[in-house]
Number of protein chains: 2
Amino acid sequence: MRLSQFHLHTTKETPADAEIISHKLMLKAGMIRKLAAGLYTWSPLGLRVLRKVERAVREEMDAAGAIELLMPTIQPQELWEETGRWEKFGGQLLKIKDRKEAGYCYGPTAEEVITDFARSELSSYKQLPVNFYNIQTKFRDEIRPRFGVMRAREFLMKDAYSFHISEECLGREYQNMYDAYGRVFTRLGLKFRAVFADTGAIGGNASHEFHVLADSGEDAIAFSTGSDYAANVELAEAVAPGPRPAASEAMRKVDTPTQKTCEDVAALLGIGLERTAKSVAIMGADAEGNPQFVLALVRGDHVVNEIKLAKLAGLGDYRLATEAEIVEHLGAQPGFLGPVNAVRPIRVVADRSVAAMADFVVGANENGFHLAGVNWGRDLPEPEVADIRNVVEGDPSPDGHGTLGIARGIEVGHVFQLGRRYAEAMKCTVLDETGKAAVPLMGCYGIGVSRIVAAAIEQNHDDNGICWPEAMAPWQAAVCVINPKKDAAVAEAAEALYRELNAAGIETVLDDRGLRPGAMFADMELIGVPHRVVVSERVVAAGSFEYRHRRASEAENLDRAGLRIKLGLAG
Amino acid sequence: MRLSQFHLHTTKETPADAEIISHKLMLKAGMIRKLAAGLYTWSPLGLRVLRKVERAVREEMDAAGAIELLMPTIQPQELWEETGRWEKFGGQLLKIKDRKEAGYCYGPTAEEVITDFARSELSSYKQLPVNFYNIQTKFRDEIRPRFGVMRAREFLMKDAYSFHISEECLGREYQNMYDAYGRVFTRLGLKFRAVFADTGAIGGNASHEFHVLADSGEDAIAFSTGSDYAANVELAEAVAPGPRPAASEAMRKVDTPTQKTCEDVAALLGIGLERTAKSVAIMGADAEGNPQFVLALVRGDHVVNEIKLAKLAGLGDYRLATEAEIVEHLGAQPGFLGPVNAVRPIRVVADRSVAAMADFVVGANENGFHLAGVNWGRDLPEPEVADIRNVVEGDPSPDGHGTLGIARGIEVGHVFQLGRRYAEAMKCTVLDETGKAAVPLMGCYGIGVSRIVAAAIEQNHDDNGICWPEAMAPWQAAVCVINPKKDAAVAEAAEALYRELNAAGIETVLDDRGLRPGAMFADMELIGVPHRVVVSERVVAAGSFEYRHRRASEAENLDRAGLRIKLGLAG
């Protein structure tokens, strides 16, 4: 491609409403242009990158045996009513009435449509297993679309749905897709982690998210430094610490007139934060379903995990206690609460790490006072023990190998065992080997194609712009020609190199716009072309080329053979 | 591709609601499946064909210098209000409210979005000319979606929009696109015609439609047998015939008690239909805008062209006259009307061919009577003359070369000079060479990608199914293996041929489903694979292959070299 015949529209201004780096750089590089909230036009430059991601996804899906089809973007209301999702999906579902007042939605996902397809087209176990995928535009009416294509309303997604007669078969395809996803992200040159995920309200048996790692990621991921283990921080198990030490101090009341946080109390007492316990007052339900006051205890340096807490008996719908409820049960104001000397009977749930503490500090249930030297069994009854905290860096890995590190990630893929939920609701059956109608098991597998573009930038950029991994770059190499109109030999040398590289399979762009070198180099760095070759009067005279890799700090002069080797060609 | 690992779902039933052959065959071949009115899922088989069309369109657009981008399917109401089309577009525009009650539509076309893109990204004449295209899903809320993907509501379209500083430049790009479209349809192996089209209400200077020729086409096309001239029948000029012969008969009243049509009168009188003139009574407006009774005359064997009629002064909003108006002005009932002896003053518009008649027959304006031997100038004043009829087969071509034939066509492409209409309405300007803001001229160029699939079938089918042109076929060749499980040598020979052909660049499918020959051959004929090779015990023993082209009536036995030559490979 010659840039003079392309439409490149970079800008120096930093867009005011762009909050994250990928959004800023995509706007500055002119990859996308906002049409309306959460709606973006992909410019010719942006589309080149998007298509590379799309192609990588398609080729790996094909190689893994999935079969591509194409479902409409507009889906009828009736199908969504069959699964109950017409009402349940919530505000993200863009509902539409056509000219005959019939109800439709813009598909945010396609479980209903594919299950409808399957119940028409699949009749026998002999047609199974089968995995259908499509790469199609989706729409989610985000309440607050932002971050450019990272959280756009209209986006490009690859969604696949597999059908199986047995759990074992579903498990095999799940692993097949898990492996294919790994190949997609590896091939795109991205650092990523497959993260064990919550199956949440949808039910189903297994689920992994694929995250591109980036400091700006929305999700915190706990990963083992000694194994493949990775999980969302909120889901990673905080394993039980070693046995509780013996008590060595007497319980005593300490004066903490204005110290209402563990941090302040620890500072006042000159002890480590890990010797204090934080009391979180909540309202749950007892076995009969009556309201029950509960004190959840985590170490002062830990954070309560609401998801884990809500999984405990009676806490499925817990809420924070009101100040009146707190005073009624504990006799003190927030800031001085603890499990000792409650005014009324309460339930105490201690995190595993709190249950393993001795000689610890808690609120005294008396305004202005804490208790130090507290010990379980002696000063208060042994508590109910559970894992109710977020893991932190340095915790032992739950799989027993290594310790946990915390990284941030951007979810770009998801594999999920759906089970029979959709097929059952939509009366999709096939005849099994015995000739009986059987409801097939389903798996679903998504990749956010357009989101990968933004995630890759979050992971690969510097102060000058985007640093594309080779496989995602709009072009692998740029030939920048200086003053082509002044010197025909320079123009010819650039043209020859441009042709040579393209012929050798290196996608190369010729910057023949006639810009001054600074502006040209700034553009090529901003749009992130991995290899830059400058052809100027000077280098032509010297019989060399000026080469610079996008991530290198300096340019170097190379002869033709040296340049070819840098580009991965035979010298 | 091995069919055992594909999803092919053909059916013998003829779908009840499919009215046209392409719809029937696409359903029977399992290329598409209906999701809801005008919404179709493209099965894996259908998608293979759709992608081939898409690729041909993309490659020819790229080769012609157009630049691909990707616009969202959902477009904001504000933009459509800027051009006034939010109200004017009519019921086909699918209007949507998002969760914040903001107005959007599902784009049926993208003039507004591309002009918005252009006014942001184009600032100088130096960036012009430029031609942006995208291949994107569109939606038109057809009041009566039918004919499968031929008139679906959601469909795939290539739309391109070019920007120019001068009429000359627009004209050049128009020709460039015209030529590129010809290459697309030629490459796809389709018989087509570029048809001069009406620019209609949109205004603009030039417009051609591209029609795939098929007997079932909705549009009638007049084409010259002696040149490239082609036009919609409704637009083709009916040229003036030779000079009027001299009068040779006296005008006389003839008794036609029950003869109310030209056909009946001609039969009664024993004359040719071309010697009669049909009178169509309509109401137009005179120069002051008052209602005016008009008699439009065409030859008995011709048909009035409403579009041409409406272009005449005073007839822009014409309507048929009521019986009361007819009786008031002519004194007779319909069936006996004519331009002679009107009761009140009327306007008479004669088609060119009527103006050239002598001794002709018209109604007498007296119930039960006609006049014969009528002559202009003698029996009634010379009329106003205009081209107000449809051309018919055998008319001279308007370009002076050859005569006209009539064919039926399916519109699959459209090129159009838009002029400044959109750019002006949306205040899109660029600086011209003198530094002044200039409103660019635009062209737009559409191709109905999904519609081409159906149109190709209308043109290429027989009683057994689809006969794809090579370039559109899901696979070029099918290797059908008979009883592979019984005979390992047969399975091996088929596998070897399958690999050999694919390696040679012939997209080949291996039918390894183990069906009996009849069912397998019926499937391959239905889905239209051009080349079929059968590998069976018999042919393996004979050291040959059984080959049949989809359009051939019989199979033939060929050795390997002969087979390769049939497939276009070196023997």
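The values are calculated or read from the model by the stated rules, or taken from the named source; none is laboratory data. Keep in mind that this is a model prediction, so the values were computed, not measured. No Cβ is skipped: glycine too gets one built from the backbone with ideal geometry, and neighbour counts run over all protein chains shown. Note: accessible area is taken over every heavy atom of the protein model, side chains too, but ligands, DNA and RNA are not part of it. Shrake-Rupley method; radii C 1.70, N 1.55, O 1.52, S 1.80 Å.
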How many residues of the range B:231-266 are touching a helix residue (DSSP H, G or I) at 6+ places or on another chain (Cβ under 9 Å) and small (Gly, Ala, Ser)? The answer is 3
The condition from (1) within 11 Å of chain B (Cβ to nearest Cβ); (2) in contact (Cβ under 8 Å) with a residue 12 or more places away in the chain; (3) under 19 Å from A:Ser450 (Cα atoms); (4) surrounded by fewer than 22 Cβ atoms within 10 Å (Cβ to Cβ) that A:Arg33 misses is numbered (2)
The condition of being among the hydrophobic types (A, V, I, L, M, F, W, C) and free of Cβ contacts under 8 Å to residues at least 60 places away in the same chain holds, among B:Ala206, B:Ala180, B:Ala194, only for B:Ala194
In the range A:243-279, residues that are surrounded by fewer than 19 Cβ atoms within 10 Å (Cβ to Cβ), in the same structural domain as A:Gly316 (by the TED database) and within 27 Å of A:Ala310 (Cβ to Cβ) total 5
For the range B:37-63 the number of residues that are farther than 19 Å from B:Thr508 by Cα, facing another protein chain (nearest Cβ under 10 Å) and open to solvent by less than 10 Å² (accessible area, probe 1.4 Å) is 3
Scanning the range A:208-229 for residues that are more than 9 Å from the chain's Cα centre (by Cα), closer than 24 Å to A:Leu309 by Cβ and at pLDDT below 90 gives A:Tyr229
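With respect to B:Ala220, determine if the residue is open to solvent by 10 Å² or more (accessible area, probe 1.4 Å), free of Cβ contacts under 8 Å to residues at least 60 places away in the same chain and assigned to a strand (DSSP E or B).
Details: open to solvent by 10 Å² or more (accessible area, probe 1.4 Å): yes; free of Cβ contacts under 8 Å to residues at least 60 places away in the same chain: no; assigned to a strand (DSSP E or B): yes.
Here the answer is no, as B:Ala220 does not meet what is asked.
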Flagged in the range A:552-571 as under 12 Å from A:Leu501 (Cα atoms) and part of a loop (DSSP other than H, G, I, E, B), in numbering order, are A:Leu567, A:Gly568, A:Leu569, A:Ala570
Of (1) in contact (Cβ under 8 Å) with a residue 12 or more places away in the chain; (2) under 22 Å from B:Arg187 (Cα atoms); (3) touching a Leu at 6+ places or on another chain (Cβ under 6 Å), B:Arg58 satisfies every one except (3)
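Does B:Leu8 fit the bill of being open to solvent by less than 30 Å² (accessible area, probe 1.4 Å), more than 7 Å from chain A (Cβ to nearest Cβ) and not in a helix (DSSP H, G or I)?
On the way: open to solvent by less than 30 Å² (accessible area, probe 1.4 Å): yes; more than 7 Å from chain A (Cβ to nearest Cβ): yes; not in a helix (DSSP H, G or I): yes.
Yes, satisfied.
Under the condition of being hydrophobic (A, V, I, L, M, F, W, C) and assigned to a helix (DSSP H, G or I), which residue from the range A:305-329 is modelled with the lowest pLDDT?
Let us first name the residues in the range A:305-329 that are hydrophobic (A, V, I, L, M, F, W, C), namely A:307, A:309-310, A:312-313, A:315, A:320-321, A:324, A:326-327.
Next, only the ones that are assigned to a helix (DSSP H, G or I) stay: A:307, A:309-310, A:324, A:326-327.
Values: A:Ile307: 90, A:Leu309: 94, A:Ala310: 93, A:Ala324: 95, A:Ile326: 96, A:Val327: 96.
Ranking the candidates gives A:Ile307 first.
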Note to self: With the structure loaded, tell me whether A:Ser43 is modelled with pLDDT of 95 or more and under 25 Å from B:Val130 (Cα atoms) or whether it fails that test.
What the structure shows: yes
Among the residues of the range B:86-96, the number that are surrounded by 15 or more Cβ atoms within 10 Å (Cβ to Cβ) and free of Cβ contacts under 8 Å to residues at least 40 places away in the same chain is 4
Exactly one of B:Ala310, B:Ala240 is open to solvent by less than 40 Å² (accessible area, probe 1.4 Å) and either within 30 Å of B:Arg183 (Cα to Cα) or of a type in the set (A, V, I, L, M) (or both), and that one is B:Ala310
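Would you kindly identify the strands (runs of 3 or more DSSP E) lying entirely within the range A:342-401 that contain at least 1 residues that are in the same structural domain as A:Arg299 (by the TED database) and more than 24 Å from A:Asn305 (Cα to Cα)?
Values: elements: A:347-351, A:360-366, A:369-374, A:384-386.
So the answer is A:360-366, A:369-374.
Taking the range B:335-363 on its own, how many of its residues are more than 20 Å from B:Val391 (Cα to Cα) and hydrophobic (A, V, I, L, M, F, W, C)? Write out each step before concluding.
Step one: list which residues in the range B:335-363 are more than 20 Å from B:Val391 (Cα to Cα), which gives B:335-348, B:358-363.
Checking the rest, the ones that are also hydrophobic (A, V, I, L, M, F, W, C) come to B:336-337, B:340, B:342-343, B:346, B:348, B:358, B:360-362.
Of the residues in the range B:335-363, 11 are more than 20 Å from B:Val391 (Cα to Cα) and hydrophobic (A, V, I, L, M, F, W, C).
So that you can scan it fast, the table gives a plain yes or no per residue for (1) surrounded by fewer than 24 Cβ atoms within 10 Å (Cβ to Cβ); (2) modelled with pLDDT of 95 or more:
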| residue | (1), (2) |
| --- | --- |
| B:Phe369 | yes, yes |
| B:Gly405 | yes, no |
| B:Arg408 | yes, no |
| B:Ala456 | no, yes |
Of the conditions (1) on the phi < 0 side of the Ramachandran plot; (2) at pLDDT 95 or above; (3) assigned to a loop (DSSP other than H, G, I, E, B), the single one that B:Leu27 does not satisfy is (3)
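Taking the residues in the range B:67-85 that are open to solvent by less than 20 Å² (accessible area, probe 1.4 Å) and among the hydrophobic types (A, V, I, L, M, F, W, C) as candidates, determine which candidate is farthest from A:Ile32 (Cα to Cα).
Initial filter on the range B:67-85 (open to solvent by less than 20 Å² (accessible area, probe 1.4 Å)): B:67, B:69, B:71-76, B:79-80, B:83.
The next check asks that each one be among the hydrophobic types (A, V, I, L, M, F, W, C); those that pass are B:67, B:69, B:71, B:74, B:79-80.
On the way: B:Ile67: 15, B:Leu69: 10, B:Met71: 10, B:Ile74: 15, B:Leu79: 18, B:Trp80: 21 Å.
Among those residues, the one meeting the criterion is B:Trp80.
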Every listed condition ((1) open to solvent by 10 Å² or more (accessible area, probe 1.4 Å); (2) in contact (Cβ under 8 Å) with a residue 12 or more places away in the chain; (3) at the interface with chain A (Cβ under 9 Å from one of its Cβ atoms); (4) over 30 Å from B:Phe163 (Cα atoms)) holds for B:Lys28 save (3)
Selection from the range B:104-126 of residues open to solvent by less than 10 Å² (accessible area, probe 1.4 Å) and closer than 21 Å to B:Cys169 by Cβ yields B:Ile114, B:Thr115, B:Phe117, B:Ala118, B:Glu121, B:Leu122
